[in-house]
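Structure, as structure tokens:
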Amino acid sequence: MSFFDISSVAVLSQQTTFTNTRIAVQNASSDPTLGSKVAAYLQSQGFNNVYIVDDWSKREAQTQIIVQRGDLQGATMLEGILGFGQVISASTGDLDSDFTLRVGDDWSQQSKV
């Protein structure tokens with residue numbers, strides 16, 4: 001009889017690693033304070049390595065999860081945690097991050113902050 005559920009341990013380990021992922025938050029919404037609110041929200045959800053970068057020059061209707069280093073699986077996991085957003089593989093966000101979360105106007109409609 002086993003007292004340890006190995007699959008649960010593996011999932012917990014993966015989530016712990018994921019919360020240390022470098023996430024740059026870039027505001028692209030019409031609300032100039034939304035980027036900092038989103039960063040605070042992510043930190044309250046256990047993400048330990050979240051920081052704000054300069055606002056995007058264009059307004060975006062939809063939030064984008066920009067994959068910097070090819071980790072599409074991680075971006076899809078982040079999308080699942082958020083419940084929305086469009087995953088994009090590009091080098092247009094903060095290149096030092098694992099993901100750039102470009103916050104669009106849809107974020108305020110989701111009532112997460």
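The values are calculated or read from the model by the stated rules, or taken from the named source; none is laboratory data. These numbers were taken from a predicted model, which means no experiment stands behind them. Note that we place each Cβ from the backbone using ideal geometry, even for glycine, and neighbour counts take in every protein chain shown.
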Within segment 94-105, of all residues that are assigned to a strand (DSSP E or B) and among the aliphatic types (A, V, I, L, M), the one farthest from Arg22 (Cα to Cα) is Val103
In segment 98-113, residue farthest from Asn27 (Cα to Cα) [restricted to those that are modelled with pLDDT under 90 and among the small types (Gly, Ala, Ser)]
Ser111
Go through segment 25-51 and count every residue that is outside any loop (DSSP other than H, G, I, E, B), touching a Gly at 6+ places or on another chain (Cβ under 8 Å) and either of a type outside the set (Val, Ile, Thr) or surrounded by fewer than 16 Cβ atoms within 10 Å (Cβ to Cβ) (or both).
2
It is to be established whether one or more residues within segment 75-85 are surrounded by 14 or more Cβ atoms within 10 Å (Cβ to Cβ), touching a strand residue (DSSP E or B) at 6+ places or on another chain (Cβ under 8 Å) and under 11 Å from Thr21 (Cβ atoms).
yes
Residues of segment 53-70 classified as over 12 Å from Val103 (Cα atoms) and buried (at least 16 other Cβ atoms within 10 Å of the Cβ), total:
2
Against the definition (in a loop (DSSP other than H, G, I, E, B), within 12 Å of the chain's Cα centre (by Cα) and not basic (Lys, Arg)), how does Ser91 come out, yes or no?
no
Please pick out the residue among Thr63, Thr76 that is modelled with pLDDT under 90 and not acidic (Asp, Glu).
Thr76
Hey, can you tell me all the residues within segment 52-88 that are among the polar types (S, T, N, Q) and assigned to a loop (DSSP other than H, G, I, E, B)?
Ser57, Gln62, Thr63, Gln68
